[in-house]
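The values are calculated or read from the model by the stated rules, or taken from the named source; none is laboratory data. Remember, predicted model here, so these are calculated numbers, not experimental data. Glycine gets a Cβ as well: all are built from the backbone with ideal geometry, and neighbour counts include every protein chain shown.
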Amino acid sequence: MCRIDKSNLTIRGVNGRPKIDAAGMSSQGKAIWVIGGNNVVVENIEMFGASVPDQNGSALRLEGTNFTLRNSFLHDNENGILSGVNTASTIVLENNEFGYNGYGNGYSHNVYIGKAGRLIFRFNYSHDANVGHNLKTRALVNTISYNRFSSLRLGETGSTKAGKPSYEIDIPNGGTTSLIGNVIMQPVDGTNRNIVAYGEEGIAGYATDLYIVNNTFINDERSRGTFIMVGAEVKTSVVLINNLFSGYGQQVTQPSAIKRTNYQATSVNFVNKAAYDLRPLIIPQIVNAGSEAGYSTDGTSLDVDFSYRHIASADARIVLGARKDIGAYEVY
């Protein structure tokens, strides 16, 4: 357990992935590693067992400016990652697994990003948060792309214990946000009917443009569910393009949302849903049926370039027809 204040530092596990078991200990009563330096990169580590008296013990506590985590596995902590307010900071999380983090009180999560300048969250597998959210971010700008958010089914075994997350993704204050090419699955026994939440805690000081493009949403709840819950203060129209919705529930709560070439069915047929092969079987309404997504208000392309590959990776998305298919995967 330590505090790291050196800047421009890369920490990389070699000869396998080192395992760091905090066994209930912490640095400064905060985390396994408290990152105080700027421009720190951490690669290929496994961290677990963080616990502190205030029930907020993290594998990584971010207190510097700019941080990157790659190819790592954070699990069984009271928080996986926790960061504070730093609008000058860009946080990049890519090719990681986050599982069964959270104290169990709903206030701690797999990943909890405070008011950072930008979050880039891509190619990750975030699952089984212990009552909290699989991802919670208050960053001003969020790019959340080509990830899988899910939880173990009843009786299923995996890399961690089964959790009962609240939201799969929570963006409580809004911000310029794109969700592109993700697989987002709500378990049958989750603790919240909403799958993605946006702007529900107040939006003062934040932009409110949300773009949801080429995602595959699956709700395994049979009697309730809302895929995207938008706070009442959000007046900018949410944009939904080329999304595949499988299961019961309202697509989006905002009446003014802009919807283009999305598809929903009570039960979409996938190649092998039980084994999480979530490429859809041929459905005429989704094959070559996608629209061009265009750009966000800050000029960022909303086009889909990759498909999530398990575990915590991605493949280039190869378009077979004249237009992209609807959802996170092309139909082969």
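If you go through segment 75-132 and keep only what is of a type in the set (Asp, Glu) and over 16 Å from residue 48 (Cβ atoms), you end up with just 94.
Can you tell which of 291, 267 is small (Gly, Ala, Ser), in a loop (DSSP other than H, G, I, E, B), surrounded by fewer than 17 Cβ atoms within 10 Å (Cβ to Cβ) and at pLDDT 95 or above?
291
Look through segment 294-320, keep the residues that are among the polar types (S, T, N, Q) and crowded, with 19+ Cβ neighbours inside 10 Å, and return whichever of them is farthest from residue 175 (Cα to Cα). This residue is 307. Listed by first and then second residue, the pairs linking a residue in segment 93-110 that is at pLDDT below 95 to a residue that is outside any loop (DSSP other than H, G, I, E, B) and buried (at least 24 other Cβ atoms within 10 Å of the Cβ), with Cβ atoms under 6 Å apart and 6 or more places separating them unless they lie on different chains, form an empty list.
For (1) among the aliphatic types (A, V, I, L, M); (2) under 17 Å from the mean Cα position of the chain (by Cα); (3) in a strand (DSSP E or B), each residue gets a yes or a no:
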{"site": "47", "(1), (2), (3)": "yes, no, yes"}
{"site": "54", "(1), (2), (3)": "no, no, no"}
{"site": "103", "(1), (2), (3)": "no, no, no"}
{"site": "109", "(1), (2), (3)": "no, yes, no"}
{"site": "118", "(1), (2), (3)": "no, yes, yes"}
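Residue 146 meets the conditions (1) at negative phi; (2) within 15 Å of the chain's Cα centre (by Cα) in every case but one. The failed one is (1). If we keep just the residues of segment 59-93 that are of a type in the set (Gly, Ala, Ser) and in a loop (DSSP other than H, G, I, E, B), which is nearest to residue 12 (Cα to Cα)? Ranking the candidates gives 72 first.
Among the numbered conditions (1) at positive phi; (2) buried (at least 20 other Cβ atoms within 10 Å of the Cβ), the only one that residue 167 does not meet is (1). A single entry from 205, 158, 190, 174 fulfils the requirement of being crowded, with 20+ Cβ neighbours inside 10 Å, part of a loop (DSSP other than H, G, I, E, B) and either free of Cβ contacts under 8 Å to residues at least 12 places away in the same chain or in contact with a Leu (Cβ under 9 Å, 6 or more places away or on another chain) (or both): 174. Count of segment 128-155 residues, restricted to those that are assigned to a loop (DSSP other than H, G, I, E, B) and not acidic (Asp, Glu), is 16. When restricted to residues that are farther than 20 Å from residue 99 by Cβ, touching a Ser or Thr at 6+ places or on another chain (Cβ under 9 Å) and part of a loop (DSSP other than H, G, I, E, B), segment 1-35 contains 4. Out of all the residues in segment 224-233, is one or more aromatic (Phe, Trp, Tyr), buried (at least 19 other Cβ atoms within 10 Å of the Cβ) and within 29 Å of residue 192 (Cα to Cα)? Yes: one or more hits.
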